[in-house]
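Working notes, structure below.
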Amino acid sequence: MAEKNTNPKEKTEQPPNQENQSETVEEAHFFHPVQLSERGEEILDEKEIEKSKVEIEQKLQELLKSINEETLQLSEFLMEESKLLKELCISLRHILKKLNISFNIPPQDLPLQKRIKKVILNEEGHLILVYEKGEVNSAFLAEYPPEIVMAALWIIMPELAKVVMLYRKKISTRVNFFGKVKKELKSVVKAIVGKEGSADTDEEQMIDVVQESVKTENQG
């Protein structure tokens with residue numbers, strides 16, 4: 001009787017060990033307590049969920065505390081900015097009015113949304129916006145957003161420094177003139193009245209002497 005020929009290559013493969021597969025699944029569950037199963041269901045672990053909940057609450061508390069601190073500081077800075085901005089613009093208005101000057105500001109240098117044809121900061125401290133369609137808007141500089149005020153000041157400050165320097169030179173010339181005239185008048189008073197005194201005679205006494213001399217001359 002012929003023996004049945006068996007080919008080693010034709011041996012059927014044995015299915016994987018069910019116990020090993022089960023251990024692998026359980027191990028995966030251990031490292032990933034909350035995950036989706038093959039059917040889309042969440043696999044939950046109560047201890048891990050509670051731990052995650054505590055961590056989330058702690059981080060949320062820290063974030064809320066940080067936000068609260070930043071908000072308080074932000075509020076203080078906004079109040080201080082508003083106060084400084086108003087005082088600054090009032091001082092600028094006094095200077096511009098005293099010097100009787102105004103500035104033309106390039107529209108492209110200001111953070112404006114609409115199309116502006118011309119921007120003027122006049123002697124009253126008002127920023128005047130002339131739109132391309134002919135519309136005109138004017139308000140005190142401090143009433144504009146801080147970004148616009150800052151940009152405007154950045155542009156005009158160099159020119160304002162030049163104007164103040166010229167004004168200082170003008171006043172210096174006048175002071176020198178008045179000083180020389182005062183010195184000469186003191187000498188004249190001393191010579192005419194015959195009152196002895198040094199060059200540093202009190203101004204009030206000098207004025208009284210001059211007024212008395214003028215009065216006597218008018219009566220004569």
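Before moving on, here are some points about what is shown:
- Contacts under 9 angstrom Cβ, first residue in region 173-192 being without any contact (Cβ under 8 Å) to a residue 40 or more places away in the chain, partner surrounded by 11 or more Cβ atoms within 10 Å (Cβ to Cβ) and not in a helix (DSSP H, G or I), 6 or more apart: 186/197; 186/201; 189/195; 189/197; 189/201; 190/197; 190/201
- Within the span defined as region 188-203, one or more residues are at pLDDT 85 or above and loosely packed, with under 10 Cβ neighbours inside 10 Å.
Here is a yes/no grid of residues against (1) surrounded by fewer than 13 Cβ atoms within 10 Å (Cβ to Cβ); (2) at pLDDT 95 or above; (3) more than 11 Å from residue 125 (Cα to Cα):
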{"residue": "68", "(1), (2), (3)": "yes, no, yes"}
{"residue": "75", "(1), (2), (3)": "yes, no, yes"}
{"residue": "82", "(1), (2), (3)": "yes, no, yes"}
{"residue": "90", "(1), (2), (3)": "no, yes, no"}
{"residue": "96", "(1), (2), (3)": "no, yes, no"}
{"residue": "107", "(1), (2), (3)": "no, no, yes"}
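- Long-range neighbours under 7 Å by Cβ, at least six apart or interchain, first residue in contact (Cβ under 8 Å) with a residue 12 or more places away in the chain within region 119-134, second surrounded by 15 or more Cβ atoms within 10 Å (Cβ to Cβ) and among the charged types (D, E, K, R): 124/93; 125/93
The values are calculated or read from the model by the stated rules, or taken from the named source; none is laboratory data. Since the structure is predicted, the reported quantities are computational estimates derived from the model, not experimental observations. In this analysis, Cβ positions are derived from the backbone assuming ideal geometry, glycine residues included, and neighbour counts consider all displayed protein chains.
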